[in-house]
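Colleague: The structure is given below, and queries will be raised subsequently.
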Amino acid sequence: MNLKPELAESLRKIGFVTATEVQEKAIPELMNGRNLVVRAKTGTGKTAAFLVPIMQRMGRTREMEAVVLAPTRELAQQIAKVSKEVGGPLGISTVVVYGGASINAQMNALRFGANILVGTPGRILDLMSRGALKTDRVKYLVLDEADIMLDMGFIADVEKIIERMPHDRQMMLFSATVPREVVRIAERYSKDSGRITAGPEEEPVVNTIRHEYAMVPRRLKFAGLLAYIKDHAPRKAIIFARTKFEANAISRVLGSQGYNAILMHGGLTQSARERSLGSFRNGAQFLIATNIASRGLDIADVTDIINFDAPDDPKVYIHRVGRSARMGKEGKSMTIADPEQRVLLQDIEHVANIRMSRIELNTLPFETLDLPIRDRGHGHGSRFGGRGGRGFNRQEHGKSGFEPRNRRGFRR
C-alpha cells in the first residue's frame, strides 16, 4: 500500500501485518481522498481501515485534523487505544472524550493539542458549545458504527456535528449495515461517495458461530445457567442479561459457586465499567452484562455468548453474538429460553438467517441450591434483589409469579 516506513513499522509492532478484506479495499481509496460508505461487520478490522489512511496523509502539526465519532464510550476508548498505539511513535496525538467522565479534564487535554479526536456525539457537541473544540481545520471525519448511532437516536447530534465541520473535509462512514438513513447522510453531506462492501452482505450473522438454545422453566433459569457452565465449560464468555438487576443476580449466583465473573452495566460508574472490561480482557472467565456490551465492543477470544433470556428484538441477538467469532474465529451462542419464548427464537432464526440447535441441560444437581427465582416480568420492570423487588425471594415462595406475556414480552 506504499505506506510511510515509520507507519508500516508502527503497525508491524502491534501485529498488523496482513490487511483484512475491508482494509485492503478501503485504505487505497481513502488515501486517494475519496469519500466512502463502507459496509463491514464489527470485528473485521474497520478501525485500522480508517486510521491508517488518516495517519498516512496527516502532517506534523499540533492542529486537530481528524474527528472520529463512535456511538459508545467503550468503542471510543478502543479506537483511541489503537490510534495511540499506532500514532504515538509517529508523534500523532490522540484525545478521547465521552460522557460520564470529567469534562474539565477532557478540555485540558484538548488545550495541550490533539491531532485525532475520538468521541461520542453528545460529549463532542457539549465541547463545541463551550468553545473548547475548534473544528475549522478538520480534514477527516469518520462515523464509525453509523447504523448503531442511528439505532441509539444519535443521528440528529451527528448531523449537527457534521454541519460544523469544513465543507471540504473527507468523510468516511463505516457501518455493519447500511440502512436508508445512513445513505441519506452520505448523500447529503459528502460529494460523490463511493460504496465498499466487505464480506457477505446477505448474512447478518457470521457463519463461524454455532447457535444453540435450551428450554428451561423460568423458575430454573439460574440452575440452567449453572448446568450449562458445568457441562460445556466455556473458556471466555459474555452472559447477557435484560436488566442491571438481573445482571447483579447472575453475578451473585456465579460468585457463590466460585466463578470469576465481572459485572458491566449502566448502573456502574464509568471507571467501574473500565475496570470491568480490563479484568475481562486480562483473564476473567465471565463478563455479565446488559446490552451496553452488545454494541461496538471488541474483546478478543470470546468463545461463548450466553443469553439468559431470548431477546425480544432479533437485532439485539445479532449485536450480542457479534461479540464472538471475531476476525474469522469460531464462536458459540447459547440461549436459555423458557417455553413461552419459542416465538422469539423463531423470530431470531428468521431475521438472522440462522438455525438454532436445541440442547438439553441437566438442572437437577442445582435445583436444591439456594438460588434466586425469576421475578415478575421481563425488561424494565424486573427486580432481582433490587429495592422493592421480589427477585431474591427464595424457593419457599413456591413459584416465580410470572404473568403470561405475548410474543414481545408484554403482559397480556
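FYI, it's all coordinate maths here, none of it is from the lab. As the structure is a prediction and not an experimental result, all values here were calculated from the model. We place every Cβ from the backbone using ideal geometry, glycine too, and count neighbours over all the protein chains shown.
Colleague: Find, among the trypsin sites (Lys or Arg not before Pro) in segment 202-262, those assigned to loop by DSSP (not H, G, I, E, B) with at most 15 other beta-carbon atoms within 10 angstrom. It would help to have the intermediate numbers written out before the result.
Modeller: On the way: sites: R210, R218, R219, K221, K230, R235, K236, R242, K244, R252; in loops: R235, K236, R242.
Of the trypsin sites (Lys or Arg not before Pro), the ones in loops of segment 202-262 whose Cβ has at most 15 other Cβ atoms within 10 Å are R235.
Colleague: Here's another thing I want to ask about it. Which length gain, in nm to one decimal place, applies between R184 and E21 when the Cα-Cα distance is subtracted from 0.36 nm times their residue separation? If you can, show how the numbers build up before the last one.
Modeller: Numbers: separation 163, 0.36 × 163 = 58.68 nm, distance 2.54 nm.
Roughly 56.1 nm would be gained on extension.
Colleague: Next up: Suppose the chain between N260 and M31 were pulled fully straight at 0.36 nm per residue; how much longer would it get relative to their current alpha carbon spacing? Walk me through the numbers on the way to the answer.
Modeller: Numbers: separation 229, 0.36 × 229 = 82.44 nm, distance 4.49 nm.
My answer for the length gained is 78.0 nm.
Colleague: Scan segment 70-159 for chymotrypsin sites (Phe, Trp or Tyr not before Pro) in coil per DSSP, keeping those whose Cβ has at most 16 other Cβ atoms within 10 Å, and list them by number.
Modeller: Numbers: sites: Y98, F112, Y140, F154; in loops: Y98, F112, F154.
For chymotrypsin sites (Phe, Trp or Tyr not before Pro) across segment 70-159 that sit outside H, G, I, E and B with at most 16 neighbouring Cβ atoms in 10 Å, the list reads F112.
Colleague: Grab the Cα-Cα distance for F112 and I359, subtract it from 0.36 nm times how many residues apart they are, and report the gain in nm with one decimal.
Modeller: 83.3 nm
Colleague: Once label points are set 7 Å from the Cα along Cα→Cβ at both K160 and H350, what is their separation, rounded to one decimal in nm?
Modeller: Going from the K160 label point to the H350 one covers 3.9 nm.
Colleague: Testing the spin-label approximation: label points 7 Å from Cα along Cα→Cβ at S129 and L369. State their distance in nm.
Modeller: Those two pseudo-labels are separated by 4.7 nm.
Colleague: Let's test the formula: R0 of 35 Å, r as the Cβ-Cβ distance of R281 and R210. What FRET efficiency results, to the nearest 0.05? Walk me through the numbers on the way to the answer.
Modeller: Details: r = 24 Å, r/R0 = 0.67.
Approximately 0.90, to the nearest 0.05.
Colleague: Okay, next question. Please arrange F366, F50, F245, F240 by counting, for each residue, the other beta carbons lying within 10 Å of its beta carbon, fewest first. Each step should come with its number before you reach the end.
Modeller: Numbers: F366 20, F50 27, F245 23, F240 30.
Going from sparsest to densest Cβ surroundings: F366, F245, F50, F240.
Colleague: If amide hydrogens are placed 1.01 Å from N in the peptide plane, which non-local residues have theirs closer than 5 Å to the one on L263?
Modeller: I288
Colleague: Here's a follow-up. Scan around T335 for amide H atoms under 5 Å from its own, H built in the peptide plane at 1.01 Å from N, and keep only partners 5 or more places away or cross-chain.
Modeller: Amide H neighbours of T335: E212, Y213, A214, N307.
Colleague: Turning to a different aspect of this structure: For each of Y189, Y228, Y317, count neighbouring Cβ atoms within 10 Å of the residue's Cβ, then give the residues from fewest to most. All intermediate terms of the calculation are to be shown ahead of the outcome.
Modeller: Numbers: Y189 20, Y228 24, Y317 30.
Ranked by crowding around the Cβ, least crowded first: Y189, Y228, Y317.
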